[in-house]
């Protein structure tokens, strides 16, 4: 069956996907964290073109992905590449082309050449048999007469014909074409995702989908996927989830490579900084944000608190962008001591069996140095943290009041619903949008509509279940929702201003606004869909493996980074 125009079969197809995939959710949730400490192997690139060469890695002892992200090895690779560039009289017609030199972008080629005229831009097209062309304009990390860039978009394991077009400031052009076959992917993701399109005239947004945290892959990667579902690049990971991709003021891309390390990677794929939080006594969990000074604010688990009290996923830490020093911003056991006294249940629904997951903070949004928005899955609450730079405290909580009945919020104000709706349940990917002033803003999220709350054995979830608003059944085929709130702190209220139903996911998942479109990842069935402004689907993408577990999907244009 064609991957296009399957709308008539979608209802049967999606139902089948949901039933088959959700039956295995419990096992997948439990097994996913087993891969957090699994070390991924690394296969070095082998050139398959007379035009494209590879560096010599024989002296670097690279056996694993951890070795790839070793800053010392990255520096040695940079020295070798610089020496090769200096020894090569590269021109447009005879450029220096190196296969994935820093080993961090598997479907990439380093491009360098010198010119006597000033370069305006360099565009390229990748042609692969029976696959739509991929065209972009490269960012220039060099000068106007010494071009240097990283070219992505090649299809792994296939012969790619690449055409470079150099346009000079005087309007003239120069061309270079070559062929190259990157090594076949060992991630297990395949060349293309399953794609279903709908009778919707709205166009998909520009950019590449970043598939983050597929724990069922043979080797973990961040996969960059185009609008036709083709995998255009893979960035290897050590373990766990990369959480999100962020870009600092120097156009470095920031992401996690494991449950204890984050890195900064420049436009050429070189790792220029690495941050290790394990040495400071923490493990990363779920999310981070960059502040205005380039520091990282991350969600974490205290290794000591987990060992002594079974507490997990309840800390906020700050990682100095220059030194890597780690300081603790918030400990929710201190912020909400009454909740910790009353939430006595231990985890039974996920891999953290036996742990005390009292708040399970899963999203962080940086407003300024003193204010953060945090999403607490376990309490089905959205919290605003204030006085972050001095002594953090919770100022407001957005949640159904039932979950806080009889709980001392330690001074935090519980905002009131304006209107008749059920507040979010087990939400993920809460995103902040500034409003007219500090007290008026928008929050949008993936409302999982999940009533799983292992820590609160004292709560009766029956009213929510009877109303069809949530479920504790991990194999449920109920709907989840896109939710959008307008928050008025001055009035102490929040109201639901937009919602539409999406495939159900008990845990994980993400949402993202893309202009007037919406990207929604229903993570536990590894399906993501781009919707129009009315919540009607434009296209749905599904990974092709038998097991499905896709943590987050965000879309990036990579302007100023790759393009």
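The values are calculated or read from the model by the stated rules, or taken from the named source; none is laboratory data. Everything numeric here is computed off the predicted structure, so don't read it as measured data. Note: ideal-geometry Cβ built from the backbone for every residue, glycine included; neighbour counts use all protein chains shown.
With respect to the conditions (1) touching a residue at least 40 places away in the same chain (Cβ under 8 Å); (2) in contact with a strand residue (DSSP E or B) (Cβ under 9 Å, 6 or more places away or on another chain); (3) surrounded by fewer than 17 Cβ atoms within 10 Å (Cβ to Cβ), residue 202 falls short on a single one, namely (3). The residue that is surrounded by the most Cβ atoms within 10 Å (Cβ to Cβ), counting only those in the range 244-278 that are touching a helix residue (DSSP H, G or I) at 6+ places or on another chain (Cβ under 7 Å) and in contact (Cβ under 8 Å) with a residue 40 or more places away in the chain, is 271.
The set of residues in the range 536-558 that are under 17 Å from the mean Cα position of the chain (by Cα) and either closer than 19 Å to residue 505 by Cα or not in a strand (DSSP E or B) (or both) comprises 541, 542, 543, 548, 549, 550, 551, 552, 553, 554, 557, 558. Looking across the range 69-78, the residues that are in contact with a strand residue (DSSP E or B) (Cβ under 7 Å, 6 or more places away or on another chain) and buried (at least 17 other Cβ atoms within 10 Å of the Cβ) come down to 69, 74. Of the set (1) modelled with pLDDT of 95 or more; (2) surrounded by 21 or more Cβ atoms within 10 Å (Cβ to Cβ); (3) touching a strand residue (DSSP E or B) at 6+ places or on another chain (Cβ under 6 Å); (4) more than 13 Å from residue 493 (Cβ to Cβ), all apply to residue 415 but (4).
Just one residue in the set 444, 464, 494, 485 is at pLDDT below 95 and either farther than 18 Å from residue 385 by Cα or under 29 Å from the mean Cα position of the chain (by Cα) (or both); that residue is 464. Going by what's in this entry, would residue 281 be described as surrounded by 16 or more Cβ atoms within 10 Å (Cβ to Cβ) and touching a strand residue (DSSP E or B) at 6+ places or on another chain (Cβ under 7 Å)? For residue 281, the condition - surrounded by 16 or more Cβ atoms within 10 Å (Cβ to Cβ) and touching a strand residue (DSSP E or B) at 6+ places or on another chain (Cβ under 7 Å) - is met.
Of all positions in the range 114-126, at least one carries a residue that is closer than 25 Å to residue 236 by Cβ and touching a strand residue (DSSP E or B) at 6+ places or on another chain (Cβ under 6 Å). Taking the listed residues 219, 186, 241, the one that is surrounded by 18 or more Cβ atoms within 10 Å (Cβ to Cβ), at pLDDT below 95 and under 12 Å from the mean Cα position of the chain (by Cα) is 241, with no other qualifying.
When residues in the range 125-150 are screened for being under 15 Å from residue 267 (Cβ atoms), assigned to a strand (DSSP E or B) and free of Cβ contacts under 8 Å to residues at least 60 places away in the same chain, 2 of them pass.
Checking 504, 561, 494 one by one, the residue that is in a loop (DSSP other than H, G, I, E, B), farther than 20 Å from residue 196 by Cβ and not assigned by TED's automatic domain parsing to the domain that holds residue 150 is 561 and no other.
Considering each residue of the range 418-434, count those that are surrounded by 14 or more Cβ atoms within 10 Å (Cβ to Cβ), within 27 Å of the chain's Cα centre (by Cα) and farther than 23 Å from residue 358 by Cα, and give that number. Residues meeting the conditions: 1.
Looking across the range 79-93 at every residue that is part of a helix (DSSP H, G or I) and in contact with a strand residue (DSSP E or B) (Cβ under 9 Å, 6 or more places away or on another chain), the one that is surrounded by the most Cβ atoms within 10 Å (Cβ to Cβ) is identified as 81.
Table: residues versus (1) within 30 Å of residue 548 (Cα to Cα); (2) buried (at least 22 other Cβ atoms within 10 Å of the Cβ); (3) not assigned by TED's automatic domain parsing to the domain that holds residue 229.
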{"residue": "100", "(1), (2), (3)": "yes, yes, yes"}
{"residue": "113", "(1), (2), (3)": "no, yes, yes"}
{"residue": "116", "(1), (2), (3)": "no, no, yes"}
{"residue": "132", "(1), (2), (3)": "yes, no, yes"}
{"residue": "141", "(1), (2), (3)": "no, no, yes"}
